[in-house]
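Undergrad: My questions all concern the structure below.
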Protein chains: 2
Amino acid sequence: MAYKSALAALADPTRRQVFERLRRGPSPVGRLASGLPVSRPAVSQHLKVLKEAGLVREEQDGTRRIYRIDPRGLGQLRAWLDQFWESALDAFKAEVEKEPGAGGKGEKRP
Amino acid sequence: MAYKSALAALADPTRRQVFERLRRGPSPVGRLASGLPVSRPAVSQHLKVLKEAGLVREEQDGTRRIYRIDPRGLGQLRAWLDQFWESALDAFKAEVEKEPGAGGKGEKRP
DNA sequence: ACTATATGTAAGTTTCCACTTACGGTTAGT
DNA sequence: ACTAACCGTAAGTGGAAACTTACATATAGT
């Protein structure tokens with residue numbers, strides 16, 4: 001049931017920027033904050049939300065904390081999405097089979 | 001770039017309930033609203049957001065509007081997620097290969 | 001034509017959240 | 001021990017957004 005917090009976390013634009021920046025590899029907080037239009041404490045708060053959603057992992061290295069993407073939360077979100085994906089495809093297939101002869105409104109060359 | 005609005009749309013709990021209810025098949029607005037803890041106009045507003053995000057489709061049938069899940073927005077969201085999925089797996093693999101002999105902290109049977 | 005049903009929209013309110021500034025804590029170096 | 005660097009947390013504030021009530025619109029049936 002962690003897909004809920006993952007969705008809420010990735011909904012915010014700034015938080016998404018932080019997350020997308022981590023896609024290029026692990027990084028300490030200060031480096032993430034530089035280049036972003038918000039303050040460093042804001043980035044810290046965003047990282048906390050991402051961490052609680054299972055989307056990032058934290059590792060201490062001396063005085064800095066290295067953050068990296070955690071595949072766990074990503075996997076749960078993907079699994080949740082796939083449910084809808086299969087349902088939507090099934091429904092679409094069933095609807096196409098229900099219309100026998102013509103192709104419906106989307107007919108090619110009238 | 002529609003994955004942004006899709007994420008924002010699915011972040012809200014009530015909107016997610018509407019969307020998950022549509023997973024069982026198409027439905028008019030009134031039926032969606034009954035059984036939800038919010039008013040019917042609220043559901044209408046949520047459906048508008050979901051529609052603009054490409055997550056649902058609308059079809060008029062007499063005096064009612066039938067809503068159903070639209071695979072388009074779902075697909076874009078899935079594609080965006082897969083980028084991170086592959087990146088995260090690559091990074092994880094590279095990190096494992098970087099530690100040669102021992103298995104790190106996760107060693108089995110010390 | 002009139003009524004009832006089903007839905008979208010406008011206006012207003014309240015709650016929540018992203019952000020900033022200020023502060024405290026921890027580690028490395030001299 | 002003292003200083004500097006790096007980071008998390010607390011408190012406060014502005015703005016967005018989810019919700020309700022009230023109103024407008026369109027279709028179907030008699």
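Undergrad: Quick query: amide H of B:Ala2 versus all other amide H atoms, modeled in the peptide plane; which residues come in under 5 Å with a sequence gap of 5 or more or a different chain?
TA: none
Undergrad: With 19 Å as the limit, write out which pairs from A:Lys51/B:Lys93; B:Lys4/B:Lys51; A:Lys4/A:Lys48; B:Lys4/B:Lys48; A:Lys4/A:Lys51 have Cα-Cα distances beyond it, or answer none.
TA: With Cα atoms farther than 19 Å apart: A:Lys51/B:Lys93.
Undergrad: Follow-up. Please report the spacing between the Cα centers of the stretch B:31-67 and the stretch A:34-73 in Å, no decimals.
TA: Distance between centres, Cα-based: 37 Å.
Undergrad: Here is a follow-up. Let a ≥ b ≥ c be the square roots of the eigenvalues of the Cα gyration tensor of the stretch A:2-72; is it rounded (a/c under 1.5), or, if not, prolate (a/b larger than b/c) or oblate? Provide the component values of the computation, followed by the final result.
TA: Numbers: a/c = 1.75, a/b = 1.23, b/c = 1.42.
It is oblate, given that a/c is not under 1.5 and a/b is not larger than b/c.
Undergrad: Which of these, A:Ala33, A:Ala91, A:Ala42, has the largest mean-square fluctuation under a Gaussian network model of chain A (Cα springs below 10 Å)?
TA: Checking each option, the largest mean-square fluctuation is seen for A:Ala91.
Undergrad: Less than 10 Å Cβ to Cβ from A:Asp70, Lys/Arg counted +1 and Asp/Glu -1: what total charge do the surrounding residues give?
TA: +3
Undergrad: Tell me what chain B gives for mean residue ellipticity at 222 nm when only DSSP H runs of n ≥ 4 count, each as -39,500 (n - 2.57), the sum divided by the residue total, rounded to 500 deg cm²/dmol.
TA: Roughly -18500 deg cm²/dmol at 222 nm, from the helical runs in chain B.
Undergrad: Once you've got the GNM for chain B with C-alpha springs shorter than 10 Å, pick whichever of B:Leu81, B:Leu47, B:Leu55 has the biggest mean-square fluctuation.
TA: Looking only at B:Leu81, B:Leu47, B:Leu55, the biggest GNM fluctuation is shown by B:Leu81.
Undergrad: Still on this model: Ranking B:Phe19, A:Phe84 by Cβ neighbours within 10 Å, fewest first, what do you get?
TA: A:Phe84, B:Phe19
Undergrad: Go through the stretch A:61-74 residue by residue and turn each phi into a ³J(HN,Hα) via Karplus (6.51, -1.76, 1.60, θ = phi - 60°); whole Hz please, and just put x for glycine and proline.
TA: Here the 3J(HN,Hα) series is 9, x, 8, 10, 10, 8, 10, 8, 5, 9, x, 4, x, 4 Hz.
Undergrad: Right, here's the next one. Non-local amide H neighbours of B:Val56 (under 5 Å, H modeled in plane, Pro and chain starts lacking H): which ones?
TA: B:Lys51, B:Asp70
Undergrad: Test of understanding: given chain B, find the longest segment containing no trypsin sites (Lys or Arg not before Pro) that are in a DSSP loop and have at most 15 other Cβ atoms within 10 Å.
TA: That would be B:25-107.
Coordinate-derived values only; no laboratory data. Values in this document were obtained by computation on a predicted structure and should not be read as measured data. Methodologically, a virtual Cβ is constructed for each residue, glycine included, from the backbone with ideal geometry; neighbour enumeration extends over all protein chains shown.
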